[in-house]
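S.K.: Sending over a structure as structure tokens; questions will come in a sec.
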Amino acid sequence: MSMKHKVVPEENWYSKLLANIDSGDVINITDILPILTPGTPLRNGLDEILFGNLGALIVIGSNDSLKDILKGGIDLDIDFTSQRVFELAKMDGAIILSNDGKKIISANTLLFPSIEISTKETGTRHKAAERTAKQANTLTIAVSERKNKISVYYGQIHHQLDQSSEVLRRASETLQILEKQRDAYDESLDALNAVEQIQPAVILLNY
């Protein structure tokens, strides 16, 4: 099942943010979430995988620390599309993206982070994702076929994404609330304007 949304951020903004993440200029999860909001290229690809009942392990970046972790795989160096990521997720290994998210560098790549790095995860894919994120200080994403969840790792950061449908539902509810508040504001403003117009007339009559 394909689930795509209109891309909200501009491409230059999106790629620049990904490059900032790869450079290590990240403080907390709020610095990462914008590239994973519904409608962004990466999130569309993740949703394709999730709703296709597949699992996946995605690594974004090209820093030197990754060189000792990545082994084997199929060299691709092709343009990123959500459909390509979905098809490549059918293989067992990790998918490696360029630091700006524009290219799929390789697929079916094995990750060998240090087993000495602590992890709270239990599944093999999620252990590799968390350890790689910590060792290379890079962004990794694990999609769980069994739990139907998307987990994001960056350094010591771990965050589980809500499904796009839930994010969009909450956003729609918030917009509806704002629209009602705006309507109430406009009504109050109209009433105030009416009172201000009446008062000078009353003063003149009393005079």
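Each value in this text was obtained by applying a stated rule to the coordinates, not by laboratory testing. Since we're looking at a predicted model, the values are computed, not measured. FYI the Cβ positions are ideal-geometry reconstructions off the backbone, even for glycines, and counts take in every protein chain you see.
S.K.: For the cross-link pairs Lys71/Lys147; Lys90/Lys147; Lys102/Lys147; Lys90/Lys149; Lys67/Lys127, which exceed 23 Å when the distance is taken from alpha carbon to alpha carbon? Present the calculation step by step, with values, prior to reporting the outcome.
M.R.: On the way: Lys71/Lys147 27 Å; Lys90/Lys147 17 Å; Lys102/Lys147 28 Å; Lys90/Lys149 17 Å; Lys67/Lys127 18 Å.
Distance filter (> 23 Å) returns Lys71/Lys147; Lys102/Lys147.
S.K.: If you don't mind, another one. Which ³J(HN,Hα) values, rounded to whole Hz and listed in residue order, are derived for segment 106-121 from phi using the Karplus coefficients 6.51, -1.76 and 1.60 in 6.51 cos²θ - 1.76 cosθ + 1.60 with θ = phi - 60°, glycine and proline given as x?
M.R.: 7, 9, 6, 8, 8, 10, 10, x, 5, 6, 6, 6, 5, 8, 9, 7
S.K.: Right, something else. Filter the GluC sites (Glu not before Pro) in segment 42-138 down to the DSSP loop ones having no more than 12 other Cβ atoms within 10 Å, then list what survives. Intermediate results must be reported in sequence, preceding the final value.
M.R.: Numbers: sites: Glu48, Glu87, Glu116, Glu121, Glu130; in loops: Glu116, Glu121.
Qualifying residues, ordered by number: Glu116.
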